[in-house]
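What follows draws every value from the coordinates through simple rules; no lab data is involved. Remember, it's a predicted structure, so these values are computed and weren't measured experimentally. Methodologically, a virtual Cβ is constructed for each residue, glycine included, from the backbone with ideal geometry; neighbour enumeration extends over all protein chains shown.
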Amino acid sequence: VFEREYTGPVFGDGVPLVDAEGERIREDRLKNGEQITVFPELRPGIERAPTLLVRFPESDYGGDTEMAFTAGGYAAYSKICTHAGCMVANRKGDTWECPCHYGKFDPKSGASVVGGPAPRSLPQLPITVSSDGYLVATGDFEAPVGAGGG
Ligand code: FES
């Protein structure tokens, strides 16, 4: 169920994730351990919902990860820090770090907070692989995106 009105294309089973060039994300786009910033087209102005898409072996996930929201080893989380809204951009090993006040998040455990001042995890975006082999969102983020709202 999409919380916001979406009028763009729907490919069978979901709303496409696209990269910064607007290209859809094929299921083989990332290798294990890689990540990319994507934009789910379910929001007016995709730039308002930058999303970190990461891929690990499925067995690497645990903790707070909502496994029903993952697909093919992919998990997707809001890139907007829940502390003060900076873009979570840095990757230190298997931890994401926010450059503003060094909030740290664990993408293998639901992007839960593992350091710094952020008050809550990065909201997870439910995704799946469409019947034609692309990553799509099946709904909106599980929690409010960005600072506050926690
Ligand atoms: Fe990310 Fe402060 S805005 S830690």
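Quick notes
- Per-residue ³J(HN,Hα) for region 76-93, Karplus 6.51 cos²θ - 1.76 cosθ + 1.60, θ = phi - 60°, Hz, x for Gly and Pro: 10, 9, 4, 8, 8, 4, 7, 7, 9, x, 5, 7, 6, 10, 8, 10, 10, x
- Within region 32-150: Cβ-based charge dipole about Cα centre, in debye rounded to nearest 20 (Lys, Arg +1; Asp, Glu -1): 360
- Annotation: peptides 121-133, 63-75, 25-37, ranked by per-residue average of other Cβ atoms within 10 Å with the highest first, follow the order 121-133, 63-75, 25-37.
- Spin-label pair ARG26-HIS101: with each label point 7 Å from Cα along the Cα-Cβ axis, the two points sit 4.3 nm from one another.
- Listed by chain and number, the lysines whose alpha-carbon sits under 18 Å from that of LYS79, ignoring those within fewer than 8 places in the same chain, are LYS92, LYS104, LYS108.
- Percent of Cα pairs in region 11-144 per distance bin of 10 Å, from zero to the largest separation: 14, 48, 33, 5, 0.
- The magnitude of the dipole of region 52-121, with charges of +1 and -1 set on the Cβ of Lys/Arg and Asp/Glu and taken from the Cα centre, is near 240 debye.
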